[in-house]
Amino acid sequence: MNMSNKKILLAMIITCVVAFIDSLYLLYVHYFPLMPDATLFALCTAGTMFDCNAVNTSAYAMLFGLPLSAWGAVFYLFFIALLVIYIKKTHHLIIEFGMLWLALFAVLLSVVLGFISFVKIKKICSFCSVLWICNGILLVLVGIHISSLYNGIKHAIATIHDFDVIEILRDNRIQKIIIILSIAGIISLGFAYGLTVSLEYAYKQKEKEREAKLIEEFQKDYEQYEKVNITVDDIEPFAGKKENPVHIVVFFDFNCGACHRAINMLNELALKYNDAVALYLRHFPLDGACNKFIEHTKDGASCRASEVAYTLYGSKAYHDYVMQLVSYRGRVDEEVIKATLQDLKIDYKALEKHLQTTEIKKRLQKDIELGGKLKVHATPTIIINNTMLKPGIPPAYIIEMAIKIELKK
């Protein structure tokens with residue numbers, strides 16, 4: 001091998017080392033996004049199009065359970081091993097063309113990832129761009145090396161047709177090289193996987209510490225919230241089990257957009273914390289037509305929606321009816337109520353007979369009286385184990401922190 005080819009091989013190793021280090025850095029950024037005070041933050045956010053964090057944490061940044069940067073580290077580490085074996089052991093054409101196909105694959109993948117960055121994510125990662133450039137350089141270097149060995153690429157490609165694969169594989173030396181390369185591939189994958197697991201563990205530990213600090217800070221405010229005496233003995237949970245230690249009661253109105261979002265969120269949390277949280281609904285229409293604690297009288301639609309709900313109380317239809325109405329975007333009126341019942345295959349006319357009974361009226365008034373006693377004046381009003389939150393819809397993480405505080409008691 002002449003001096004020129006040795007320099008090309010050295011350039012390949014240097015290119016792979018640079019790309020390997022870059023991949024490791026991107027793997028770190030995947031779990032620990034760059035903060036504004038980070039040294040390299042400016043390089044990642046140069047202009048409006050560049051954002052390493054957005055690209056590295058996008059849905060496209062994972063493949064078969066590992067970040068793409070981890071696969072990049074595997075690739076470059078394996079390529080370095082391939083080059084070392086080629087230099088130290090044998091200059092066999094099967095390795096030479098293996099390097100060519102690997103480099104070509106890397107370039108094609110760079111084109112695909114570049115397209116995803118530009119078109120799908122609409123952001124560019126500057127450090128990803130370094131990898132794409134390295135892949136291009138690697139392909140050029142491999143091409144130059146093979147071209148010099150076989151007097152041009154055309155002759156090199158023609159050489160592929162001249163050798164017998166089976167005959168080559170019978171060669172003991174080649175068999176040993178294949179075994180060594182297989183081990184190198186497994187080690188490369190194991191290294192990247194181990195590093196990924198370590199970073200993921202470190203990330204989770206950091207998140208736990210951050211969450212513990214947030215809960216500690218929130219607990220100071222939470223303890224200052226109004227304490228009330230409210231029972232749930234008289235009603236069944238809307239979601240979760242009655243014996244669960246955390247009871248969440250929400251006073252709501254069917255014509256309150258924030259209530260719709262709150263019930264959907266609380267229902268999801270009750271499902272998430274299935275063995276810890278029970279969600280209870282208390283109807284509190286903000287309409288003087290049925291609620292004596294509200295000055296203004298409206299069209300009675302909210303009252304009607306709650307009365308219909310109570311005719312279904314105790315059945316699966318109750319849950320379905322409530323969830324369908326709180327998922328509806330727009331005003332809940334008589335027509336929407338009828339359409340919802342029709343979707344649930346419930347006869348509205350048969351239901352009307354029950355609506356006139358005093359039992360239904362009493363059930364609704366019981367919730368309203370309780371709300372009045374607790375001085376509920378707006379919806380949604382959420383009460384967690386006798387701690388009344390401020391009216392409105394808090395973020396889900398606030399509710400989760402309150403749940404965790406209650407579980408520690």
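Bear in mind these aren't lab numbers, they're just calculated from the coordinates by the rules spelled out. The model shown is predicted, which means the values in this text are computed figures rather than measured ones. Cβ atoms come from the backbone with ideal geometry, glycine included; neighbour counts cover every protein chain shown.
Below are the figures for this structure:
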| item | result |
| --- | --- |
| Qualifying aspartates and glutamates (Cα of each under 16 Å from Cα of Lys206; at least 8 residues distant if same chain) | Glu216 |
| Residue order, fewest to most surrounding Cβ atoms within 10 angstrom, among Leu189, Leu269 | Leu189, Leu269 |
| 3J(HN,Hα) from dihedral phi, the stretch 253-268, Karplus parametrisation 6.51/-1.76/1.60, rounded to Hz, x for glycine, proline | 10, 5, 9, 10, x, 5, 5, 4, 5, 5, 5, 4, 5, 5, 5, 5 |
| Approximate spin-label separation Leu407-Glu200, in nm, with each point projected 7 Å along Cα-to-Cβ | 2.1 nm |
| Burial order of peptide ranges 329-335, 10-16, 298-304 (average beta-carbon count within 10 Å, highest first) | 298-304, 10-16, 329-335 |
| Selected from Phe293, Leu271, Leu100, residue furthest toward positive end of dipole (the chain; charges at beta carbon) | Leu100 |
| Among beta bridges that DSSP assigns inside the stretch 239-372, antiparallel share in %, nearest 5 | 10 percent |
| Between the stretch 181-234 and the stretch 343-361, the Cα center-to-center distance that results, in Å | 47 Å |
| Part-to-part distance (alpha-carbon centres) for the stretch 110-149 and the stretch 55-73, which is given in Å | 16 Å |
| Residue-by-residue Karplus 3J(HN,Hα) for the stretch 200-208, coefficients 6.51, -1.76, 1.60, Hz, glycine and proline x | 5, 5, 4, 5, 5, 5, 5, 5, 5 |
| Unit charges on C-beta of K, R, D, E only; dipole of the stretch 3-209, Debye | 180 debye |
| For the chain, calculated [θ]222 nm from helices alone, where every DSSP H run of n ≥ 4 adds -39500 (n - 2.57) | -20500 deg cm²/dmol |
| Placed amide H near Asp51: partners under 5 Å, 5+ positions off or other chain | Ile124, Cys125, Ser126 |
| Nearest-20 debye value, the chain charge dipole, Cβ charges on Lys, Arg, Asp, Glu | 560 debye |
| Residue order, fewest to most surrounding Cβ atoms within 10 angstrom, among Asp287, Asp275 | Asp275, Asp287 |
| Under-5 Å amide H pairs with Phe238, H placed in peptide plane, nonlocal only | Leu279, Tyr280, Leu281 |
| Computed magnitude of the charge dipole of the stretch 226-408 (debye, nearest 20; Cβ of K, R +1, Cβ of D, E -1) | 220 debye |
| Added length on full extension, which subtracts the Cα-Cα distance from 0.36 nm per residue, Arg170 to Tyr193 | 5.0 nm |
| Approximate spin-label separation Leu10-Phe218, in nm, with each point projected 7 Å along Cα-to-Cβ | 5.9 nm |
| Convex hull volume per residue for the chain, taking Cα atoms only, in Å³ | 229 Å³ |
| Ser110, Ser327 arranged by Cβ crowding within 10 Å, fewest neighbours leading | Ser327, Ser110 |
| Cβ-based charge dipole, the stretch 3-209, positive-most Cα from Ser110, Val84, Ile121 | Val84 |
| Sequence-separation-based contact order of the chain, relative, with Cα cut under 8 Å and 6+ spacing, percent | 15 percent |
